[in-house]
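Enquirer: Provided herewith is a single structure, encoded as structure tokens, for subsequent inquiry.
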Amino acid sequence: MTLTTTRGAAPGRRVLRTLTSASAVTALAAGLIAVSAPAASAAPVSGGSAAWGVKESFRNYVSGIIANGGYETSDGATKLSDGLVDFPTAGGDVDDAFFISGEVEFSGTVVFTGHDYGQGPVLEIRISDPRVEFDGDTGTVYADVTSREFHGANPFLPPGDLIEYGEVAVTELTGVGIDVTGTEIDFTSTGGTLHPDAVEPFAGFYDAGTEMDPISFTTDLS
């Protein structure tokens, strides 16, 4: 903006002073806002573990009299007494100002198998190294998934080929809650549904939106 002053231009100077004062007020307010709302920072986490069962009814199915299979853990993951799988924390970062967002990585593998008619299981799904991303009261569980092509529980057909899908979104979480005590973070969720990206990796067993297990974990700010 250019202001031209001529004889009798006092009003113009008043306008200029008014504009200058308004700019100063705006700058001051912006500064106060910046001071009162510090930017959140991401703090690394370590230790602890996650408890996740993937899907309870699927665990029951492969372990039952129809599929005559089960599920086994490896690479540091262990099976808990309640049927869930314990995955040790591998790393991650959490917003340490409000604790409402972050991602935490875990290690370990669980393999579900069933319908073995003497040539190996025709149903096989491997889930490794889950990772949880969360923001507010929602979150997503990602994991590396490898599964066999499933052509049905036919004893006359050999097992299908193993397909590596890499990391896929497996479960969309709801009801996420965070409890912080000192440096310990407790993460819980109340529900979950199958992500569309996981339908094929799960051998087409379930439709997108099918109920899945929630996940919980504890970890510490490093």
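The values are calculated or read from the model by the stated rules, or taken from the named source; none is laboratory data. These numbers were taken from a predicted model, which means no experiment stands behind them. Note: ideal-geometry Cβ built from the backbone for every residue, glycine included; neighbour counts use all protein chains shown.
Enquirer: Name every residue in the stretch 153-183 that is among the hydrophobic types (A, V, I, L, M, F, W, C), surrounded by fewer than 16 Cβ atoms within 10 Å (Cβ to Cβ) and assigned to a loop (DSSP other than H, G, I, E, B), in order of residue number.
Expert: ALA153, PHE156, LEU157
Enquirer: Let me ask something else. Considering (1) at pLDDT below 95; (2) more than 25 Å from the chain's Cα centre (by Cα); (3) hydrophobic (A, V, I, L, M, F, W, C), say which one ALA40 fails and leave the rest.
Expert: Here ALA40 clears every test but (2).
Enquirer: Now, a different point. Is it the case that ASP186 is farther than 18 Å from PHE112 by Cα, modelled with pLDDT of 95 or more, assigned to a strand (DSSP E or B) and not polar (S, T, N, Q)?
Expert: yes
Enquirer: If we only count strands (runs of 3 or more DSSP E) wholly inside the stretch 61-127, which ones have 2 or more residues that are touching a Pro at 6+ places or on another chain (Cβ under 9 Å) and crowded, with 17+ Cβ neighbours inside 10 Å?
Expert: 85-95, 101-106, 109-116
Enquirer: Could we say that GLY204 is without any contact (Cβ under 8 Å) to a residue 40 or more places away in the chain, assigned to a loop (DSSP other than H, G, I, E, B) and under 21 Å from ARG59 (Cβ atoms) here?
Expert: Answer is no for this residue.
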